[in-house]
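The values are calculated or read from the model by the stated rules, or taken from the named source; none is laboratory data. The structure presented is a predicted model; accordingly, all values stated were derived computationally and were not measured. When we count neighbours, we look across all protein chains shown, and the Cβ atoms used for this are built from the backbone with ideal geometry, even at glycine. Heads up: the accessible areas ignore ligands, DNA and RNA and are worked out on the full protein's heavy atoms, side chains in. Shrake-Rupley method; radii C 1.70, N 1.55, O 1.52, S 1.80 Å.
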Amino acid sequence: MEFFLGIGMGIMISLIYSFGPAFFSLLQTSVHYGFKVARPFAFGVNLSDIITVSLLLTVLSGVDMVSLMHNLYVVIMGGSVLVLFAIYFFLHKTHDAEDSGSVMKFRAGDAPKWYSVYLRGFAINFFNPIIWLYWVSIVAMASGAGGVSTNHLYLFFAGVLLTTVSLDVLKCKLASMLQRFLTARVLNIMNKIIGCILLAFAAYLVFSMLLSK
């Protein structure tokens, strides 16, 4: 029963609460390089979520994570990761093999290696304090007042995480279908937009920390 409740929660999370830095980076990678290249990004994000949830259920279960995630050093580290990715998107230029005004035709050597995409998905998710707070709230809600056993929680989050990674892979597939309609100029503009979104999330981290003081 808990597993199926987790599936329902995973669907709700993917539809309502997943519009963070990792989501926009996932879309950018899918649109730029296609489904096969972007798929490791989704699995990198999923590994980050698995580690985060596992830590919150075990070694960090007695820690005040809300206060920790508003710690100055944690915010600086998380914000720095987002800023670095934003700089990457600002500086990354997409060049068409033939003409910048034509529909994109990527050469095989243009795409990043799978492990690079995998690590990018992991890092942008794992080092983002917003994601930790988001999982803290879900773990707290699932745990209730302590009346739920650990085994039931693991079944619940197995359903959640299996569903979210499946829907992220689906998002990859759907976004990659736009690739055939886009030009190098449009993709370069998209890079700038994603960079601005990541900077906005970094600014949000700083302001939320300041407001919590």
Could you work out how far helix 129-143 tilts from the main Cα principal axis of the chain, as a 0 to 90 degree angle to the nearest 10?
40
Per-residue ellipticity at 222 nm attributable to helices in the chain (runs of n ≥ 4 DSSP H, -39500 (n - 2.57) apiece, nearest 500 deg cm²/dmol) works out to -24500 deg cm²/dmol
Pick out which of VAL169, VAL139, VAL81 has the largest mean-square fluctuation in a Gaussian network model of the chain, springs linking Cα atoms closer than 10 Å.
VAL139
Between VAL59 and SER116, what's the calculated FRET efficiency when r is the beta-carbon distance and R0 is 30 Å? Round to 0.05.
0.55
7 Å from Cα along Cα→Cβ at both PHE181 and LEU5: what's the point-to-point distance in nm?
4.1
If one compares the long axis through the Cα atoms of helix 114-126 with the longest principal axis of the Cα atoms of the chain, the angle in degrees, nearest 10, works out at 40
Go ahead and set up a Gaussian network model of the chain, Cα springs under 10 Å, then flag whichever of ASN188, ASN71, ASN151 fluctuates most.
ASN151
When the chain is treated as a Gaussian network with springs between alpha carbons less than 10 Å apart, the largest mean-square fluctuation among SER176, SER25, SER67 is found at SER67
FRET efficiency for ALA200 and ILE51, using Cβ-Cβ distance with R0 set to 41 Å, rounded to 0.05
0.95
Accessible-area composition of the chain, carbon plus sulfur, in percent [1.4 Å probe]
72
Please give the Cα centre distance for region 19-86 versus region 172-190, rounded to the nearest Å.
23
With a Förster radius of 25 Å, plug the Cβ-Cβ distance of SER67 and MET12 into 1/(1 + (r/R0)^6) and report the FRET value to the nearest 0.05.
0.40
If you line up the long axis of helix 35-57 against the longest principal axis of the chain, both from Cα atoms, how many degrees apart are they, to the nearest 10?
20
Over the Cα atoms of the chain, what Rg and Dmax result, in angstrom?
18.4, 62
On a full-extension model of 0.36 nm per residue, what is the gain between PHE90 and LYS192, subtracting their alpha-carbon distance, rounded to one decimal in nm?
36.2 nm
